[in-house]
Amino acid sequence: MLVEVVRAFAASEGIPLWGTTTAVPLEPEGERLAEWLARGLHGGLSYLTATAALRSDPTRSDVLRAGAQGVVLLGLPFARTTPDTPAAERAAASYLRGRNYHRVFRGVLRRLAGRLREAVPDLAVRPFCDVLPVLEKALAVRAGLGWQGRNTLVIHPEAGSTFVLGGLLLDRPLPSAVPLAPACGDCRRCIDACPTGALALPGVLDAGRCLSRWSTAGLPPPPALPHGPYARGCDVCQDVCPFNAGPGLAPYVGFYQRSTSVPGKNATSTGGDSSPASGADSPPPKSAEKSVKKNRTVPATSAAPVRPRKT
């Protein structure tokens, strides 16, 4: 029943990317996180070290008091850089050009939580979008939204990687998708194109060398880091990815409309903030985490395929 509620909500909001998965301790992802931190590749973001145990296990009661058993993942597409993108906008990474995606996504998740509680009144729910200490990318992979590519981003064969992630932890079990097989093959375009060598180890980000980590935090990058083509954020590893060729999925309208009458289509009840996003790499307000075609629908879970839609 809960999966059907999510399916109907996604259709009503114009959300093409969604899936569900069972909440379990995340291994081997937790081991990779521990190794990444031990090697000092987190770029001095101390909150990642402080919350590593929480990120590795979404079932812990200090993440969701009732204990998470299921997870809903949503992916909201943003507009890509194209030859038609105005020059004045090109100085910022694509996901930073619209409204603050954290605020927009929080509104989406509040509405979804409300729908789910209508179906199951005693349901315990906790939303996450870049702030709650969970491994969003790992959960998205398990929910069938894609694989984690060499640029560390979640990539879907039809949607590419130009979408942001958020979701809900529930105290009810949900089915898991069949994970998509990685399809990067021998491609090294993102690795070779990175202006600072932050992807020297395929699939591993050296945050201390990532321009996005420095520019979105409002910090002057170390002198050793060359400046890239963006003043805020960095899209180089996405710009060169073959899966991001073409216009991509229709962007979620809430990122670009100030007011619509129908959530997600024509006023988003998101709290109305038009300020640009601070960036997923910058230290979150009071908690923690960095996150980051062909107009066809993306399958959700094996139990909950998404209905095709025109975009």
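The values are calculated or read from the model by the stated rules, or taken from the named source; none is laboratory data. Computed from a predicted model, the values in this text were never measured in an experiment. Glycine gets a Cβ as well: all are built from the backbone with ideal geometry, and neighbour counts include every protein chain shown.
Here are the criteria: (1) within 25 Å of Ser46 (Cβ to Cβ); (2) crowded, with 22+ Cβ neighbours inside 10 Å; (3) in contact with a strand residue (DSSP E or B) (Cβ under 8 Å, 6 or more places away or on another chain). Tell me which single one Arg106 does not satisfy.
(2)
Name the one entry in Arg90, Arg126 that is modelled with pLDDT of 95 or more and more than 22 Å from Leu41 (Cα to Cα).
On the way: Arg90 fails: modelled with pLDDT of 95 or more.
Result of the check over Arg90, Arg126: Arg126.
Look through the range 157-195, keep the residues that are among the polar types (S, T, N, Q) and either touching a Cys at 6+ places or on another chain (Cβ under 7 Å) or more than 18 Å from Asp239 (Cβ to Cβ) (or both), and return whichever of them is surrounded by the most Cβ atoms within 10 Å (Cβ to Cβ).
Our first condition is that a residue be among the polar types (S, T, N, Q); within the range 157-195, this holds for 161-162, 176.
Keeping just the survivors that are either touching a Cys at 6+ places or on another chain (Cβ under 7 Å) or more than 18 Å from Asp239 (Cβ to Cβ) (or both) gives 161, 176.
On the way: Ser161: 24, Ser176: 20.
Top of the filtered list is Ser161.
Residue by residue through the range 229-247, note down the ones that are aromatic (Phe, Trp, Tyr) and within 16 Å of Val164 (Cα to Cα).
From the range 229-247, those aromatic (Phe, Trp, Tyr) are 230, 243; that's our starting set.
Hit for the range 229-247 is Phe243, nothing else.
Say we look at the range 140-172 and pick out the residues that are aliphatic (A, V, I, L, M) and assigned to a loop (DSSP other than H, G, I, E, B); which of these is nearest to His102 (Cα to Cα)?
The residue in question is Leu153.
For the range 44-85, which residues satisfy the criterion of being part of a loop (DSSP other than H, G, I, E, B) and of a type in the set (S, T, N, Q)?
At the first step, the residues of the range 44-85 found to be part of a loop (DSSP other than H, G, I, E, B) are 44-45, 51, 56-69, 78-85.
Within the range 44-85, Thr51, Ser56, Thr59, Ser61, Gln69, Thr81, Thr82, Thr85 qualify.
Would you pick out the residues in the range 210-245 that are among the hydrophobic types (A, V, I, L, M, F, W, C), in a loop (DSSP other than H, G, I, E, B) and closer than 26 Å to Ala159 by Cα? Even if it seems obvious, please write down each step before you answer.
Start the filter on the range 210-245 by keeping residues that are among the hydrophobic types (A, V, I, L, M, F, W, C), which leaves 210-211, 214, 217, 219, 224-225, 231, 234, 236-237, 240-241, 243, 245.
Subset that is in a loop (DSSP other than H, G, I, E, B): 210, 217, 219, 224-225, 231, 234, 240-241, 245.
Residues satisfying the conditions are Cys210, Ala231, Cys234, Val240, Cys241, Ala245.
Scan the range 173-209 residue by residue and report those that are part of a helix (DSSP H, G or I) and over 30 Å from Gly19 (Cα atoms). Explain how you work it out, then say what you get.
Looking only at the range 173-209, we keep the residues that are part of a helix (DSSP H, G or I), and these are 189-193, 207-209.
Scanning the range 173-209 gives Asp192, Ala193, Gly208, Arg209.
If you go through the range 50-97, how many residues are over 28 Å from His227 (Cβ atoms) and of a type in the set (Ser, Thr, Tyr)?
4
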